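Novice: Handing you this structure, nothing more for now.
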Amino acid sequence: MFIKAALKKYHGLFGEGIEYYFLNQQNDIAYLKVDFVDKEVLQTSVSSYISGEDLVGVPLTMEILQVTNSVTSLETNEDDKLWINKEIEE
C-alpha cells in the first residue's frame, strides 16, 4: 500500500503508471517484480517516502537485497522454491 502512495506522491501520473507485482511475501521479506527500466523510479520513490514525514507514528525501513534482470538468478531459500519455480514457468 505504501509503495503505491510513494509512486504517486513522488512521480505523479508517471509513478502511478508503473506496474509492479508482488511475487511473494513472507514475514518482513517481499519479492517484487518491476520493469528493469522502472526500478530506479521505484527505488527513489520508496526511499523518499519512508525517509520523509509522511509516515508519522509508523516507522518503516526498507533494504533492497537483490536486483536482477532474470528471476532465475534470484537467491532464495529452500522455502521459496515452490513460488520461484512457478514464476520461472510463466
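Novice: What is the magnitude of the charge dipole of the chain about its Cα centre, with +1 placed on the Cβ of each Lys and Arg, -1 on the Cβ of each Asp and Glu, and no other charges, expressed in debye to the nearest 20? Mind dumping the intermediate values first?
Specialist: Values: 7 positive and 16 negative charges, 58 e Å.
Result for the chain is approximately 280 debye, rounded to the nearest 20.
Novice: Checking the cross-link filter: which aspartates and glutamates have an alpha carbon closer than 16 Å to that of Lys81, excluding same-chain neighbours under 8 positions apart?
Specialist: Counting by Cα, and skipping residues close in sequence, Lys81 has these aspartates and glutamates nearby: Glu89, Glu90.
The numbers here are math on the coordinates, done by the rules we state, and not lab data. Predicted model only: the values in this text are computed from it and were never measured. Cβ: placed from backbone, ideal geometry, glycine included. Neighbour counts: every protein chain shown.
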